[in-house]
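The values are calculated or read from the model by the stated rules, or taken from the named source; none is laboratory data. No experiment lies behind these values; they were computed from the predicted model shown. Note that we place each Cβ from the backbone using ideal geometry, even for glycine, and neighbour counts take in every protein chain shown.
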Amino acid sequence: MCNSMVTSDLMKMVKPCWKPSVEGDGTRWGGGRGSDGNGRVDGLLWYKDLGQHVNGEFSMAVIQANNLLEDQSQLESGPLSSLNSGPYGTFIGVYDGHGGPETSRFVNDHLFCNIKRFATEHREISANVIRKAFSATEEDFLSLVKKQWLTKPQIASVGSCCLVGIICDGMLYIANVGDSRAVLGKAERSFREATAIQLSTEHNASIESVREELRSMHPNDPRIVVLKHNVWRVKGIIQISRSIGDAYLKKEEFNREPLLSRFRLPEPFLKPILSSEPSISVHKLQPEDQFLIFASDGLWEHLSNQEAVDIVHNSPRSRVARKLVKAALQEAAKKREMRYSDLKKIDRGVRRHFHDDITVVVVFLDPLLINKSSARASSFSIRGGGGVPTAAGS
């Protein structure tokens with residue numbers, strides 16, 4: 001079916017859902033006037049135009065498409081453990097939920113606490129600390145699923161991608177499960193240009209190496225990956241091969257009634273189909289490393305790595321996350337042969353037919369602050385989508 005026909009049918013469906021654009025009202029999600037400290041809201045858009053972290057500045061934006069926002073995100077800057085001696089730095093998390101918001105909200109509430117717990121125990125930030133924190137968060141969520149199984153069985157079908165960045169002692173740690181992405185903007189030609197370098201490894205069945213990994217891990221299952229409606233899916237159900245949650249594809253005890261039949265597999269499985277093991281990379285930051293873009297796959301569906309880096313490199317820092325979201329939405333509208341101004345009028349829920357929830361965190365790196373001791377820096381915490389930031393001692 002051609003694009004114009006799809007657009008025509010969808011427009012008939014969404015026209016009753018159009019509402020006057022209220023972007024620019026400046027209220028926080030959840031009501032009430034918002035200060036820029038907490039971020040602001042324009043309709044379905046939440047943003048924090050510019051803030052300070054211990055290693056530089058940052059800009060954040062979130063656009064909602066689903067009925068309930070499934071993307072969650074956070075930036076935590078200051079102490080990364082409970083020790084006065086450190087480590088100190090900045091933590092960035094982007095959690096793209098699916099099947100509902102429960103897992104991404106859980107990760108937003110627990111992962112950073114687990115990072116701090118293991119960093120305290122090991123007295124450092126390391127790949128091992130991050131791996132343990134991911135594992136603990138996964139186990140805690142699966143325990144919650146077990147507790148709620150009889151009263152809320154559908155929680156077994158809810159999961160989340162999980163992208164984390166930690167800047168500490170001149171090092172950058174990137175950890176990922178799922179298909180969110182972290183991209184570095186690296187200065188070239190005397191800082192006149194910036195090259196995009198992808199830092200995260202993605203786990204999506206559309207990638208041939210991911211399909212091969214799944215086949216090698218499940219050699220006796222010819223249907224471990226299935227091409228369905230021109231989309232590769234694990235067991236014909238889900239595109240990602242690693243996540244937090246998705247208990248129904250990790251423990252057989254959750255793949256049965258009363259779970260909805262569309263999630264139940266016809267045959268038993270002896271080992272987890274999906275993994276929660278993060279891909280982790282460690283990068284020593286250099287003076288030419290200018291900024292990092294962390295975003296859920298909703299952004300990368302519409303912008304290439306280099307397009308996103310070019311926008312950030314050629315724009316003022318303030319509002320740059322909003323600018324990336326707008327560029328993605330303009331592309332989404334273009335693909336549907338509609339005006340961007342019309343797309344903005346479509347309400348949440350129906351909006352999901354046009355684009356996904358999109359979360360963007362742009363983190364600027366100040367070379368003078370990267371290797372400097374941050375022991376005296378005040379802590380700062382903010383959650384994308386309206387979480388209230390906290391300061392040390394508040």
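In the range 304-312, the condition of being surrounded by fewer than 21 Cβ atoms within 10 Å (Cβ to Cβ), in a loop (DSSP other than H, G, I, E, B) and within 17 Å of the chain's Cα centre (by Cα) is met by at least one residue.
So, Ile155, is that one farther than 28 Å from Leu369 by Cβ and not in a loop (DSSP other than H, G, I, E, B) or not? The answer is yes for Ile155. Considering only residues in the range 263-288 that are over 30 Å from Ala175 (Cβ atoms) and touching a residue at least 12 places away in the same chain (Cβ under 8 Å), the one that is nearest to the chain's Cα centre (by Cα) turns out to be Arg264. Residues that are without any contact (Cβ under 8 Å) to a residue 60 or more places away in the chain and not in a strand (DSSP E or B) occur in the range 362-374; there is at least one. Of all residues in the range 207-254, those satisfying the criterion of being polar (S, T, N, Q), at pLDDT 95 or above and either more than 24 Å from the chain's Cα centre (by Cα) or surrounded by 13 or more Cβ atoms within 10 Å (Cβ to Cβ) (or both) are Ser216, Gln239, Ser241, Ser243.
For first residues located in the range 222-243 and more than 14 Å from Cys161 (Cβ to Cβ) and touching a residue at least 12 places away in the same chain (Cβ under 8 Å), partners that are in a strand (DSSP E or B) and among the charged types (D, E, K, R) and lie 6+ apart or on another chain with Cβ distances below 8 Å form the pairs Val225/Arg233; Gly236/Lys228.
Tally the residues that are of a type outside the set (Phe, Trp, Tyr), assigned to a strand (DSSP E or B) and on the phi < 0 side of the Ramachandran plot, restricting the search to the range 59-100. Working first, answer last.
Here is the first cut: in the range 59-100, the ones of a type outside the set (Phe, Trp, Tyr) are 59-87, 89-90, 92-94, 96-100.
So of that shortlist, the ones also assigned to a strand (DSSP E or B) come out as 59-63, 71-79, 89-90, 92-94, 96-98.
Of the ones still in play, those that are also on the phi < 0 side of the Ramachandran plot are 59-63, 71-77, 79, 90, 92-94, 96-98.
Residues that pass the stated criteria total 20.
Do we find that Ser157 is buried (at least 22 other Cβ atoms within 10 Å of the Cβ), within 23 Å of the chain's Cα centre (by Cα) and either farther than 28 Å from Ser381 by Cβ or modelled with pLDDT under 95 (or both) in this structure? Spelling it out, Ser157 is indeed buried (at least 22 other Cβ atoms within 10 Å of the Cβ), within 23 Å of the chain's Cα centre (by Cα) and either farther than 28 Å from Ser381 by Cβ or modelled with pLDDT under 95 (or both).
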